[in-house]
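Data first, discussion second: the structure below is written as structure tokens.
The values are calculated or read from the model by the stated rules, or taken from the named source; none is laboratory data. Just so it is clear, the structure is predicted and the values come from calculations on it, not from any experiment. As a convention, Cβ positions derive from the backbone with ideal geometry for all residues, glycine included, and neighbour counts pool all protein chains shown. Just the protein is used for accessible areas: all its heavy atoms, side chains included, with ligands, DNA and RNA removed. Shrake-Rupley method; radii C 1.70, N 1.55, O 1.52, S 1.80 Å.
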Amino acid sequence: SRIFCAYIDEGMAMLAEGVAPALIENAARQAGFATGPLAVTDEVSLDLQLRVVQQAQADGLDARFLRLHAQEVIARMNTLGRLGRKSAGGFHDFPQDGPKRLWPGLATLYPVQAEQPAVEEVQQRLLLVQALESARCVEEGVIVNHPDADLGAVLGLGYPSWTGGTLSYIDPLGLPEFLPRCAALVLD
């Protein structure tokens, strides 16, 4: 759940920052993710995301589990009744007579900034955030078997198979390169 939420929360954080929704979704797919972060959030529903945040708050969990950079987006979409596929509208519209498409109203809620990040930067953010959360899970003893974690990331979370999984993505980089890449993406 932590690794999955890191992915969808990063997509929502980029949306709130003014990154074009199409750029977020297309960069994810081009990187090899099974589904873009906004699309997969629509599938699991935004009201579920709100309940997860509320339960974490009620349980008094540490701030890092409160999904702070996604809370505003989750709350706003819930207020609008845009809960995802189940309500025929979330980040995408789900018309009965055609394929889903990004909801045009996102541009009003989250205006797109004039200067957009490169596709590669968006891809790196999505790849690194899940790898970093996986590494935290190893450090905390939540993950003890690296191959199982990698398999779960690819088959269960839709992490790009070319990476070998979230932990295998770190291996060829090594910590001396991985950690600065993560630090370079931290917003001020």
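At a temperature of 10 °C and a viscosity of 1.306 mPa s, determine how fast the stretch 81-153 diffuses translationally according to Stokes-Einstein, using the Kirkwood radius over alpha-carbon pairs as Rh; express D in µm²/s, rounded to the nearest whole number.
For the chosen part, D equals 101 µm²/s.
The mean accessible area for residues of the chain, using a 1.4 Å probe and ignoring ligands and nucleic acids, is 51 Å² per residue. Of the residues P147, L167, L157, the one whose Cα sits farthest towards the positive end of the charge dipole of the stretch 131-188 is L157 (charges of +1 on Lys and Arg Cβ, -1 on Asp and Glu Cβ, taken about the Cα centre).
With the largest listed first and rounded to whole Å, the semi-axes of the equivalent ellipsoid of the stretch 25-165 from the Cα gyration tensor are 26, 21, 15. What is the Cα centroid distance between the stretch 114-137 and the stretch 10-64, reported in whole angstrom? So the separation of the two Cα centres works out to 13 Å. Given their separation in residues at 0.36 nm each and the Cα-Cα distance between them, L179 and E121 gain 19.3 nm when the chain is fully extended.
The slack in the chain from V142 to L80, taken as 0.36 nm per residue of separation less the alpha-carbon distance, amounts to 18.7 nm.
Using θ = phi - 60° in the Karplus curve 6.51 cos²θ - 1.76 cosθ + 1.60, the 3J(HN,Hα) couplings for the stretch 46-52 round to 7, 6, 5, 4, 5, 5, 5 Hz; x is entered for Gly and Pro.
The smallest convex shape that holds all Cα atoms of the stretch 32-104, its convex hull, gives 105 Å³ per residue. Protein-only accessible surface at a 1.4 angstrom probe places the residues S161, S87, S134 in the order S161, S87, S134, largest first.
Within the accessible surface of the chain, defined with a 1.4 Å probe on protein heavy atoms only, the carbon and sulfur portion equals 56 percent.
Using the rule -39500 (n - 2.57) for each DSSP H run of four or more residues, divided by the residues of the chain, the 222 nm mean residue ellipticity is -17500 deg cm²/dmol. Per-peptide packing, taken as the mean over residues of other Cβ atoms within 10 Å, places 60-71, 4-15, 142-153 in the sequence 4-15, 142-153, 60-71 from highest down. Rolled with a 1.4 Å probe across the full set of protein chains, the surface gives E43 an accessible area near 90 Å².
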